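> Below is the structure I would like to discuss, written out as structure tokens.
The values are calculated or read from the model by the stated rules, or taken from the named source; none is laboratory data. Everything numeric in this text was worked out from a predicted model, so none of it was measured. All Cβ positions, even for glycine, are placed from backbone atoms using ideal geometry, and neighbour counts span all protein chains on display.
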Amino acid sequence: MISLVILIVLSSVTGYFAAQFYIDRFMIEVQAVTESEERVRDNANTVIARNKGKSPDEVSPTDNFIIAEYNVNQKTSVKKTTTGTVTAAGIKQGLYAEKIFQDGQYYSMKISSGLVSLATRFYYSIGDETISSYIGTEIQTESAKFPSEPNELYTLEEYKAMYGSPISYFVNYIVSSNTVKEEEFLGKTENDTYKFKVKLDTAFSVMNYSFEIKTTSGSSKLPRFNSIELTFEIDENFNFYEINIVENYDVSIQQLGSMYVGTTGALTEKFEYDGSFEIPRS
């Protein structure tokens, strides 16, 4: 009888703490959605000033990331190529994406290929009030056929509401002193780049990116992130060379009654700068 009482008490206590954990997590996720992005980020100019004259191996991984992201936004031309896989409920999808900024124009293309294949393109010129969206057909691993006229025009506000960030962003995550939980310098590579690793919190670092996953997955709810790890390389001038992403999250699937499905992403982003990058038009 005593052992039964102990078991009931332990079960109640365990249940309480488990419930409290999910309540706390839910409240943090709600706060992240309503928080100001400006308050979560660090001031890039302040970070640059306090690290002036230092080499990347003398700068914290977090500050290195902030400086490198700032530098991306100062470039006159940038190309980012993303490759990798996203696995949900044991089903693996290939992912290929390109993003280009050239001559005041932004181009973004993403292809998900596998059991279900999807392809999208977006075009935006600085000063325009709308972003053109195209839906692809005849989808291959790294290519698709797109129509000559856009399927949809989105205002800048509509695009941001759907994808969380403006089309001008080249980094999905918010990396700052408020979002980095662990950081490590991994040394210099054979390419003469500096390699670092950061582990991010699972709410504020994805306060924008969560909306993109919600939209692209066709979910009615925001995903719940469990872990995010970025391993990145920068050159001596604090320019991104490569970012490797390993993320784990649960996404709600409408076709399964909004049941959450465990999902893992393993992605590699490679950056090129100051070239003459051709924006595809056909």
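> Go through the stretch 150-164 and count every residue that is under 19 Å from the mean Cα position of the chain (by Cα) and either part of a strand (DSSP E or B) or not assigned by TED's automatic domain parsing to the domain that holds Ser217 (or both).
Going through the stretch 150-164 one residue at a time, the tally reaches 0.
> Criterion first (under 29 Å from Pro56 (Cα atoms) and either touching a residue at least 40 places away in the same chain (Cβ under 8 Å) or in contact with a Pro (Cβ under 6 Å, 6 or more places away or on another chain) (or both)) does Asn244 satisfy it?
Criteria not met by Asn244.
> Being in a loop (DSSP other than H, G, I, E, B) and over 21 Å from Thr263 (Cβ atoms) is the filter here, so list the residues in the stretch 182-222 that pass it.
Thr189, Glu190, Asn191, Asp192, Thr193 - these are the residues of the stretch 182-222 that are in a loop (DSSP other than H, G, I, E, B) and over 21 Å from Thr263 (Cβ atoms).
> Report whether or not Ala119 is buried (at least 18 other Cβ atoms within 10 Å of the Cβ), of a type in the set (Gly, Ala, Ser) and in a strand (DSSP E or B).
yes
> Moving on. If Ser113 passes every condition in (1) surrounded by fewer than 18 Cβ atoms within 10 Å (Cβ to Cβ); (2) without any contact (Cβ under 8 Å) to a residue 60 or more places away in the chain but one, which one does it miss?
With respect to (1) surrounded by fewer than 18 Cβ atoms within 10 Å (Cβ to Cβ); (2) without any contact (Cβ under 8 Å) to a residue 60 or more places away in the chain, Ser113 is out only on (1).
> State all residues of the stretch 152-168 that are closer than 20 Å to Asp42 by Cα and surrounded by fewer than 19 Cβ atoms within 10 Å (Cβ to Cβ); if no residue qualifies, say none.
Scanning the stretch 152-168 gives Pro166, Ser168.
> Could you tell me which of the residues Thr189, Thr216 is surrounded by fewer than 23 Cβ atoms within 10 Å (Cβ to Cβ) and farther than 23 Å from Ser60 by Cβ?
Every option except Thr216 fails the conditions.
> Separate question: Any chance you could count how many residues in the stretch 63-101 are more than 17 Å from the chain's Cα centre (by Cα), outside any strand (DSSP E or B) and of a type in the set (Val, Ile, Thr)?
Result for the stretch 63-101: 2.
> Please find, among Phe271, Phe225, Phe238, the residue that is part of a strand (DSSP E or B), in contact with a helix residue (DSSP H, G or I) (Cβ under 6 Å, 6 or more places away or on another chain) and either of a type in the set (Phe, Trp, Tyr) or modelled with pLDDT of 95 or more (or both).
Criteria check complete, one pass: Phe225.
> Still on this model: Looking at the stretch 55-92 only, could you name the residues that are at positive phi and in contact (Cβ under 8 Å) with a residue 12 or more places away in the chain?
Result: Gly84, Ala89.
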